[in-house]
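Structure first, commentary second.
The values are calculated or read from the model by the stated rules, or taken from the named source; none is laboratory data. Computed from a predicted structure; not experimentally measured. Cβ: placed from backbone, ideal geometry, glycine included. Neighbour counts: every protein chain shown. Surface areas here come from the heavy atoms of the whole protein model, side chains and all, with no ligands, DNA or RNA. Shrake-Rupley method; radii C 1.70, N 1.55, O 1.52, S 1.80 Å.
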Amino acid sequence: MQNGNEPRKHTIAVLVENKFGVLSRVAGLFSARGYNIESMSVGETLDPSASRMTLVVRGDEFVIEQVTKQLHKLIDVIKVTDLTDESHVERELVLIRVNAEPSNRAEILRTADIFRARVVDVTAVSFVLEATGDEGKLEALIELLRPMGIQELVRTGKVAIARGPKTRVRRVEPPRKPRVPDDPKVVGFAD
């Protein structure tokens, strides 16, 4: 068990307003304080006015607490959740172009099958594989394909969601003001 003073990877989910400039403000918050974002994935939610960011940041408990507090201060941030110690599901996607020499083709396809990777492109000299999974699974796949000659690798950031039922964040509508008549002298029907 790690104590709070050892730096480790944290997965932070941030629900933000889907507005111009929010992404740069969040990234700027990290860079201004000298913290590195190891991965970031951003996408629209069911509510088109909100986006969800999944950030992976390395730091001890103090650093993560400071980052979380600073994120809460940003006006466009709706909710911040550190999923690291919660039960959650996380996935990444990787596309790998690997040399497909005739002597290696069968081994590449067996390896892909074991990792449930799909071949999404085939040429005379290469295969492009698509795989999803947690970080450990993808690292293992990459290491097995490395001796065959990886030509190119593209990887998304981590996306994560808490397990079990969670309440959706609902926007609080400001109370509606009663309609005021145009003529302030008109109070009732009869004077």
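Its Cα centre serving as origin, the range 1-97 has a Cβ charge dipole (Lys and Arg +1, Asp and Glu -1) of approximately 340 debye. With all protein chains in place and ligands, DNA and RNA left out, the 1.4 Å accessible area ranks 116, 33 as 116, 33, largest first. Rolling a 1.4 Å probe across all protein chains gives residue 54 an accessible area of roughly 10 Å². With the largest listed first and rounded to whole Å, the semi-axes of the equivalent ellipsoid of the range 106-164 from the Cα gyration tensor are 23, 12, 11. Taking chymotrypsin sites (Phe, Trp or Tyr not before Pro) across the range 1-72, the ones in a DSSP loop with at most 11 further Cβ atoms lying within 10 angstrom of their Cβ are 20. Treating each Cα of the range 60-151 as one equal point scatterer and applying the Debye formula with no solvent, the log10 of I(q)/I(0) at q = 0.13, 0.20, 0.21 Å⁻¹ comes out as -0.59, -0.87, -0.93. Exceedance of the 25 Å cut-off in Cα-Cα distance is limited, within the set 73/137; 19/158; 69/158; 19/73, to 73/137.
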